[in-house]
């Protein structure tokens, strides 16, 4: 089976460029979301601890099974550790044999950004050129570049309560084609923005955006609210917006809509698969306010693992490892792998 360590993930992206990686990933996401009924799905299994959350995210169709382990520890950056780290596996459903284990810290950031950008393609105005991002943490650059792969962005306005984060964000994106515009406040950042991304890490129910600050036609990607008790939007926004989610049973517990109580289900317009497969409309005019309430779902990990497996195979990348026995003459003689070792140890 293949092992994709971080340098291999970097090489895969370098082979085809980040923009093309995003475009190919979006095609995989559309294909997988459009085959929604062919997947066995469940909300992720989450273990909440005082300083964060530890999660397993499984899913499968008739061909592949995948899972991802991922954490969320918002205080980690205080000791220069990542808030989110992850690894995942892709397995063959027919035999149950694992095909690939991969680092997914980078891949999680990229699949989150690609999914948000894909949602924006259907929910934002097609002429969108000005994007505002609130929160310049580890997700921020990925979000911008994924959106730029699908939209011809001309202006990116950014704000963070940490000036150092804003400086890093600007330095990382200084050679891109769009203009970078720092803002002093959230209200200033979102003024005239077509697309607004909220990507903060605070583990609280916050109002990063207020309903009164918005103007008709804006689209919001809420990606920072992704756990019980952790939200970013004024609930009044949700009362007046067209809301799209990934997987309703999970988003009810973890997304912005957790603040809507018993009205949550009735106020959700669609799950993402319904939009991508054409069963329900995305944006219908240039004045409605739309919200993608993103918490991250296992199908997105499935898509990016499937893509990376194909690319690694095509370009002969990755390390072959013996995670499972491959050299048994008799598949029932598992003990044979230890017999000589045990006998030699006994004799000595």
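No lab work stands behind these numbers, since they all come straight from the coordinates. In this text the structure is predicted, and so the values were computed from the model without any measurement. In this analysis, Cβ positions are derived from the backbone assuming ideal geometry, glycine residues included, and neighbour counts consider all displayed protein chains.
Neighbour counting of Cβ atoms within 10 Å sorts the residues 316, 130, fewest neighbours leading, into 316, 130.
Helical content alone sets the calculated 222 nm signal of the chain at -10500 deg cm²/dmol, taking -39,500 (n - 2.57) per DSSP H segment of four or more residues and averaging over every residue.
Evaluated at q = 0.18 Å⁻¹, a Debye calculation over the C-alpha positions of region 1-104 (equal weights, vacuum) places log10 I(q)/I(0) at -1.13.
Considering region 118-296, its Cα convex hull presents a mean projected area of 9.2 nm². Axis angle, to the nearest 10 degrees, between helix 18-34 and the longest C-alpha principal axis of the chain: 80 degrees.
Only Cα pairs within less than 10 Å get springs; with that Gaussian network setup on the chain, which residue of 47, 295, 245 has the largest fluctuation? For the chain, modelled as a Gaussian network with Cα springs under 10 Å, the answer is 47.
Take every DSSP beta bridge whose two residues both sit in region 118-296, then give the antiparallel share in percent to the nearest 5. Roughly 5 percent of the DSSP beta bridges within region 118-296 come out antiparallel.
Using the Cα gyration tensor of region 7-58, with a ≥ b ≥ c the square roots of its eigenvalues, what is the shape: rounded (a/c below 1.5), prolate (a/b larger than b/c) or oblate (neither)? Numbers along the way, then the final one.
Numbers: a/c = 3.45, a/b = 1.34, b/c = 2.57.
In terms of gyration-tensor shape, oblate.
Per residue, the convex hull around the alpha carbon atoms of the chain comes to 165 Å³. Using only alpha carbons, region 53-95 has a radius of gyration to Kirkwood radius ratio (Rg to Rh) of 1.20. Counting neighbouring beta carbons within 10 Å and listing from fewest to most, the residues 262, 253, 125 come out as 262, 253, 125.
Legend: calculated FRET efficiency, residue 328 to residue 266, from the Cβ-Cβ distance at R0 = 45 Å, rounded to 0.05, equals 0.20. With the simple spin-label model, which puts each label point 7 Å out from Cα in the Cβ direction, the residue 315 to residue 47 separation comes to 3.5 nm.
A Förster distance of 22 Å, applied to the separation of the beta-carbon atoms of residue 239 and residue 187, puts the FRET efficiency at 0.65. Each residue in 268, 85, 329 was given a count of other beta-carbon atoms within 10 angstrom of its own, and listing them fewest first yields 329, 85, 268. Using a Gaussian network model of the chain with C-alpha springs under 10 Å, which one of 38, 333, 285 is most mobile by mean-square fluctuation? Of 38, 333, 285, the most mobile in the Gaussian network model is 333.
The angle between the Cα long axis of helix 163-172 and the main principal axis of the chain comes to about 70°, on a 0 to 90 degree scale. Helix 105-123 axis versus longest C-alpha principal axis of the chain: approximately 40°, rounded to the nearest ten. When the chain is modelled as a GNM with alpha-carbon springs shorter than 10 Å, which of 324, 289, 304 fluctuates the most? Looking only at 324, 289, 304, the largest GNM fluctuation is found for 324.
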